[in-house]
Amino acid sequence: MSFQRIKEKLNILADAAKYDVSCSSSGSNRANTTKGLGDSSGMGICHSYTEDGRCVSLLKILLTNHCIFDCAYCVTRKSNDIKRAAFKIQEVVDLTINFYRRNFIEGLFLSSGIFKNPDFTMERLVAVAKKLRMEENFNGYIHLKSIPGASDELMREAGLWADRLSVNIEVPTIAGLKLLAPDKRHEDFTKPMLKVKNEIIQYKEEKKVLKNTPKYAPAGQSTQMIIGATGETDKDIMYSANHYYKNYNMKRVYYSGYVPVAEDSRLPAIGSQVPMLRENRLYQTDWLLRFYGFSIHEILNDSHPNLDIDIDPKLSWALRNLKHFPVDINTADRQLLARVPGLGMYSVEKIIKARKFRKLNWEHLKKIGLALNRAKYFIICDSRSWERHDLQAHQIKGRILQNSQGKFRKNYSSQLSLFN
């Protein structure tokens, strides 16, 4: 195979992989103990940041963009007139090692279109990971995209060689999947998810008895949903995400704004704006559910099925629940402090530590680094200045928006004068 042909394949299959956003810090700790290549300990993947601030990357490609399915939202669907290519197993192995030796990557993110059938495709993905581990002694990060409908045996083997596995649920609801991908079945997505969940639990239990039990998908599993391709509400999306977190022990659910790639009456028109702000609000909601103690029905419910675009979900919840405020910064517990708009968990911990020594006033809060432009409307402290708790929700929202300089600010315009 000539260098030019490999380069052409790489251009095609790397470009096709860009629509998969489920790349993040790996959370894996596959240490290099055999003087092999790579070490995923504390490292992450594709253009993400580790806890200590390092930017890390990986080789992110498809094994092939040939596919037997015709999903309306997918650029690699069989009816799309695009250049097709497929890597051989050894070609992916060689590319990974060569890129790693040149310090371009820390690992591999490998997905694929489905050719022939799910098991045939999954078997080739597993073969790449196995060759890297066994023949190249590669200890770097490997993320394999599991193929919907793959057998339990192949899913079990995949987890022995990969750090993370993921099956993209693709469309948030079963009805949306039937509309845009009628050839696919919802159970083909959930079956491998359940297998991975059970295998992770089983291997952890065996590890307690036998210390030499191999690791199984040490960075867990994740999934991705396409946002804006169908008419789901934010409530539909987040209730679905909550289901996967709860029932399949997902490490992460990713939300990918739909990029129009085809003319289809079922989809947004070519040239439609990618819903990046909506995507951002969904990630903020996801964060509140996982780390801030919120329940899904508090943020999204029948009376509030969609997130506010102009304000973040925590502020939106607070404005709808002013009866819980103001919060006394010197006496409130950790969970209540975490619900104050403008206070992150790091700020909450600093407050709890600082108030052990004295009652905190506004000056103390500024000195420990709190951003009070939002929080001041929802808290009281050992001071009376700045306090304005007679304001209505729309007045507080207007004042906060007037001073807002968020990165998505240009994407919406509010008639702020109405709130004054």
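The values are calculated or read from the model by the stated rules, or taken from the named source; none is laboratory data. If you're wondering where the values come from, they're calculated on a predicted model, not measured in any experiment. Counting neighbours? That spans all protein chains shown, and the Cβs are built from the backbone with ideal geometry, glycine included. These accessible areas exclude ligands, DNA and RNA; they are computed on the full protein's heavy atoms, side chains included. Shrake-Rupley method; radii C 1.70, N 1.55, O 1.52, S 1.80 Å.
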Inset, instruction - Of the DSSP beta bridges with both residues in the chain, give the percent that are antiparallel, rounding to the nearest 5. - result: 20 percent
Inset, instruction - Report in % the part of the accessible area of the chain that belongs to carbon and sulfur, leaving out ligands and nucleic acids; probe 1.4 Å. - result: 50 percent
Inset, instruction - Provide, as a two-decimal number, the C-alpha radius of gyration of segment 212-262 over 2.2 N^0.38 Å, N being how many residues it has. - result: 1.47
Legend entry - Answer label for percent of Cα pairs over 27 Å apart (calculated), chosen among [x] 68; [y] 54; [z] 58: [z]
Legend entry - Relative contact order of the chain, defined on C-alpha pairs under 8 angstrom at six or more residues apart (%): 11 percent
Legend entry - Average accessible area per residue (Å²) across the chain - probe 1.4 Å, nucleic acids and ligands excluded: 49 Å²
Inset, instruction - On a 0 to 90° scale, report how tilted helix 186-209 is relative to the longest principal axis of the chain, with both axes built from alpha carbons and the result rounded to the nearest 10. - result: 90 degrees
Legend entry - Folded to 0 to 90 degrees: helix 152-161 orientation relative to the chain principal axis, Cα: 80 degrees
Inset, instruction - State the Kirkwood hydrodynamic radius of segment 283-398 in Å, one decimal place, computed from all pairs of distinct Cα atoms. - result: 14.8 Å
Legend entry - Volume per residue of the C-alpha convex hull in segment 154-284, rounded to whole Å³: 117 Å³
Legend entry - For the chain, calculated [θ]222 nm from helices alone, where every DSSP H run of n ≥ 4 adds -39500 (n - 2.57): -11500 deg cm²/dmol
Legend entry - Using alpha-carbon coordinates, inclination of helix 3-16 to the longest axis of the chain, degrees: 40 degrees
Legend entry - For peptides 166-177, 190-201, 347-358, sequence by mean Cβ density within 10 Å, most packed first: 166-177, 190-201, 347-358
Legend entry - Hull volume in cubic angstrom per residue (convex hull over the Cα atoms of segment 79-191): 121 Å³
Inset, instruction - Can you check what the net charge comes to around Ile6, using other residues whose Cβ is under 13 Å from the Cβ of Ile6 (Lys, Arg +1; Asp, Glu -1)? - result: +1
Legend entry - Prolate/oblate/rounded label for segment 81-141 (Cα gyration tensor, a/c 1.5): oblate
Inset, instruction - For segment 172-229, divide the Cα radius of gyration by the Kirkwood radius and give the resulting Rg/Rh value with two decimals. - result: 1.17
Legend entry - Highest-fluctuation residue, Lys145, Lys204, Lys366 considered, GNM on the chain with Cα pairs under 10 Å: Lys366
Inset, instruction - Report Ser383's accessible area, 1.4 Å probe, all protein chains in place, as a number in Å² to the nearest 10. - result: 30 Å²
Inset, instruction - State whether segment 266-340 is rounded, prolate or oblate according to the following rule on the C-alpha gyration tensor (a ≥ b ≥ c being the square roots of its eigenvalues): a/c under 1.5 gives rounded; otherwise a/b larger than b/c gives prolate, and the remaining case gives oblate. - result: prolate
Inset, instruction - Taking 7 Å along the Cα-to-C-beta vector as the label spot, tell me the Asp15-Asn103 distance in nanometres, rounded to one decimal. - result: 3.1 nm
Inset, instruction - May I ask you to list the lysines whose Cα is less than 18 Å away from that of Lys367, ignoring any residue fewer than eight positions away on the same chain? - result: Lys350, Lys353, Lys356, Lys359, Lys376
Inset, instruction - Mind giving me the nanometre distance, one decimal, between the label points for Lys88 and Asp188, set 7 Å out from Cα along Cα→Cβ? - result: 2.9 nm
Inset, instruction - Determine how large the accessible area of Lys9 is when every protein chain is in place; take a 1.4 Å probe and give Å² rounded to the nearest 10. - result: 10 Å²
Legend entry - Estimated FRET transfer efficiency when R0 is 56 angstrom, pair Leu179-Arg358 (beta carbons, to 0.05): 0.40
Inset, instruction - Using label points projected 7 Å from each Cα along Cα→Cβ, tell me how many nm separate Gln273 and Ile368, to one decimal. - result: 3.9 nm
Inset, instruction - Order Trp287, Trp317, most accessible first, counting only protein heavy atoms with a 1.4 angstrom probe. - result: Trp287, Trp317
